[in-house]
Amino acid sequence: MNPNSGVRILLDANLLTRCRHRVHLDAEAARGRLPAEPRRPVPPGVRQRQEAAALHRKAVHEAMHALHHGSWVSIDMDQSARSREEDTLRACAAGVSWIWGGTLPLGPDGQRGQSELLMRQPDSERYVPIIVVNHKVTDPGQGAVTSPLDMFAPEVDPARKVRPQLRDQLRLAHIYRLLQNAGLAASDAIGGAIGYDADCIVVHDLLREIPSFGHSLLAEYDARVTDRIAVINGTSETAPTRIGECGLCEWWPQCSAELTRQHDVSLVVNGAQADSLRTAGVSTIDQLARWAGEPPEEWPGGGFPEAQIFAQAWLHDVTLVRKVDRVAATRADVEVDIDMESYQDHGAYLWGTLLSEPGRPPVYRAFATWEALPTHDEGRNFAEFWDWLTKIRLSAARRGLTFAAYCYSKAAENRWLLDSAHRFRGMNDVPSTAEITHFIESDEWIDMFEAVSNQFHCPQGRGLKKIAPNAGFAWRDPEAGGEASMIWYRDAVGYEGEAVVGQRERILRYNEDDVWATRVLREWMTSGAAAAVPSVADLAEQMRLLPPAPGDSTQVT
């Protein structure tokens, strides 16, 4: 690090995938050259993931300790970093086979890090880093190298393929370099990861070439470390740009204001697309909105015309743009809106419904289990929901009425419909997967997300929370959202203590609002009110009348 800075900025592995400009601003604030921005409240979804990750690490710690208690040390994480380092080095010198929470000495440029596990390589005094993460690290397939948990015996796995997780792999490279610096790295440049399922160790070859990089993971790591050190020392320039992590960054209000003043193109396209546009000389929204001709070379992801429409919509403060002359949605005599609530990969605990029949007001009904997932009661609840839905469909048919069921973005509902039928097959009244498949492939199962996507450009996103307000709908709970509901669910079923009944009511209210939102959206789309949304042609005409921005010489298409 820069010896004249007065403050030594330490380099954690997470900086390697963090926004470069954020790294710069954090370093300047640490040196007192910028006022530090106030910490933003941790969003409920992030807090939930942090808590779930901590519980997962605890469970893996207990399982691995039971398997390897004969040569095991757990480093006390409540002591100082220096004491943790000393305890780790002492355990390594003693030849302990498995070290939990190993903390390594700082690297030459302020690199620091710890590994959930350091495993002594068999017949060696050197160590392999193994991290524990609360997400999947493999998918069905073949070619992954895995090891059982009770011994380190890596072999090619015929049933798994590696799920790319660059953040995990860079962290392993980070710890490996720290082990090298301490003279403790295994002769093979490898690292391991124990994922969500915690049924094996996935082994990564850190010297294997990564096709997207054109070099090995270690080479990519070294390049990123060099870059981040330059950013921290102020010898490499950075600039704000909108990317995925901005929503959680305390610097975003400052960056957002600057990007808005500049009409920066990253406000309307993703990071890779913004890079492509800047390479083509397009840095502002105005330039993109008026671009003439073919898309830039190597434009990523397709959809360049839609990117232009997003730019035009931003300039005119338009939240939706109509693709079609007349907006429509499938309607039926008997309609059921459905919204499912699940918890992580454990199961679906709630199927919320809104039944609308001729001559009757809509009725909300929830099918829920408040036993903590996973539970056999989930199957009972699913069977009751399916039995009710089937009776509604049959009743409509007997009366000669048309029927349709609606959801918003059916991928999640379809997953748990099929998964529930598979997991609880054999239970009384649980439908077969064939019956579920017949339903979800029928014309009676309508995805309002698809109806919206086919008829509107959505500059601010296509999620229900973004779209339904255009139809005049508002959620009663200001924190309503899928991630927040997971926090509520943990309270509702008492994962960390007594069950909080009030949180159950909150979840039900949120779920009821979701099904009402799909109904209100459908009614708006078929009432003629959606005709007020400007069309693509309307927006193009407004662009023709808009004076060019100062310094913008781009011609209007």
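The values are calculated or read from the model by the stated rules, or taken from the named source; none is laboratory data. Predicted model, so just to flag it, every value in this text is computed and none were measured. Neighbour counts are summed over all protein chains in view; Cβ atoms, including those assigned to glycine, are modelled from backbone coordinates with ideal geometry. When the accessible area is computed, the model is the full protein with side chains, heavy atoms only, and any ligands, DNA or RNA have been set aside. Shrake-Rupley method; radii C 1.70, N 1.55, O 1.52, S 1.80 Å.
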Pairs only if they're at least six apart or on different chains, beta carbon under 7 angstrom, first in the stretch 36-53 and under 18 Å from CYS255 (Cβ atoms), second part of a loop (DSSP other than H, G, I, E, B) and at pLDDT 75 or above; list them, first residue then second.
GLU37/GLU250; GLU37/TRP251; PRO38/GLU250; ARG39/GLU250; ARG40/GLU250
Residue, modelled with the highest pLDDT, within the stretch 201-217, restricted to residues that are surrounded by fewer than 20 Cβ atoms within 10 Å (Cβ to Cβ) and hydrophobic (A, V, I, L, M, F, W, C)
LEU207
Within the stretch 369-387, can you find the residues that are touching an Asp or Glu at 6+ places or on another chain (Cβ under 8 Å) and small (Gly, Ala, Ser)?
ALA383
Checking ARG90 against (1) over 25 Å from LEU55 (Cβ atoms); (2) of a type in the set (D, E, K, R); (3) surrounded by 14 or more Cβ atoms within 10 Å (Cβ to Cβ), the condition it does not meet
(3)
Residue set GLY110, GLY101; condition surrounded by 18 or more Cβ atoms within 10 Å (Cβ to Cβ) and on the phi > 0 side of the Ramachandran plot; output residue GLY101
Note on ASN414: of the conditions (1) of a type in the set (S, T, N, Q); (2) over 16 Å from TRP445 (Cβ atoms); (3) outside any loop (DSSP other than H, G, I, E, B), unmet is (2)
How many residues of the stretch 64-78 are open to solvent by 50 Å² or more (accessible area, probe 1.4 Å) and either more than 33 Å from the chain's Cα centre (by Cα) or within 24 Å of ILE201 (Cβ to Cβ) (or both)? The answer is 7
Hits in the stretch 97-122 (condition: among the small types (Gly, Ala, Ser) and more than 10 Å from LEU178 (Cα to Cα)):
SER97, GLY101, GLY102, GLY110, SER115
Kindly provide the set of residues from the stretch 11-27 that are of a type outside the set (Val, Ile, Thr), outside any helix (DSSP H, G or I) and open to solvent by 20 Å² or more (accessible area, probe 1.4 Å), ordered by number.
ASP12, ARG18, CYS19
State whether one or more residues within the stretch 444-456 are part of a loop (DSSP other than H, G, I, E, B) and out of contact with any helix residue (DSSP H, G or I) (no Cβ under 9 Å at 6 or more places or on another chain).
no
Would a scan of the stretch 436-447 turn up a residue that is modelled with pLDDT of 95 or more and more than 25 Å from ARG331 (Cβ to Cβ)?
no
Yes or no: the stretch 321-330 includes at least one residue that is in contact (Cβ under 8 Å) with a residue 40 or more places away in the chain, out of contact with any helix residue (DSSP H, G or I) (no Cβ under 6 Å at 6 or more places or on another chain) and under 30 Å from LEU508 (Cα atoms).
yes
Strands (runs of 3 or more DSSP E) fully within the stretch 130-206 counting 3 or more residues that are hydroxyl-bearing (Ser, Thr, Tyr):
none
